[in-house]
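Take a look at the structure below.
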């Protein structure tokens, strides 16, 4: 039972960590921009955490106008991105050029007959039921739908640093446990076993009487 609880705990922890990195780290999509629009969004409820709050004034609002970029992927599936500043908040993209990106997206609109393809960098998730949208970060024109996206060097660097830190902490904890904690528990167990033996012998003397 203890083993099951232990594995459940650590699996939950690592799933949450993986989800955090997957949401926060930048991702790249090759898309065709089909439209841009602005719409007022309600920010009530727990889904508020998926909307940006670049300043205190915005964070206190229950609804606000949000810019959106509509796109189509090479396989024909639709994708919608929000276009919000992150400011100096989290995640630390320091995005302050929402107006410029909106202009670029408007200029990048193309038709199915004469498509233009762009590499759109973003972070976040898309969820239809909870109206969650990834936040667009930048837009770069590419030659076609099969253009390479490039290696995610920043993601690799951050994850490598994180795993290195985790490994270092684990090694030090393991050494500390072997040097300090395990001997303490072993001494407690030995003392308990010795006391149990004495008590058993004492009971034995009473049985003989």
Figure the gain on full extension for residue 42 and residue 149 (residue separation times 0.36 nm, minus the Cα-Cα span) and round it to one decimal in nm. 35.1 nm
Gain upon complete extension [residue 3, residue 106; 0.36 nm per residue less C-alpha separation]: 31.5 nm
Calculate, in nm to one decimal, what residue 24 and residue 90 gain on full extension: separation in residues at 0.36 nm each, minus their alpha carbon distance. 22.9 nm
In nm, to one decimal, how far is the residue 177 label point from the residue 140 one, both placed 7 Å along Cα→Cβ? 4.3 nm
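Where a number appears in this text, it was derived from the coordinates with a stated rule and is not lab data. Bear in mind the structure is a predicted one, so any value in this text is a computation, not a measurement. Don't worry about glycine lacking a Cβ; one is built from the backbone with ideal geometry, like all the others, and counts go over all protein chains shown.
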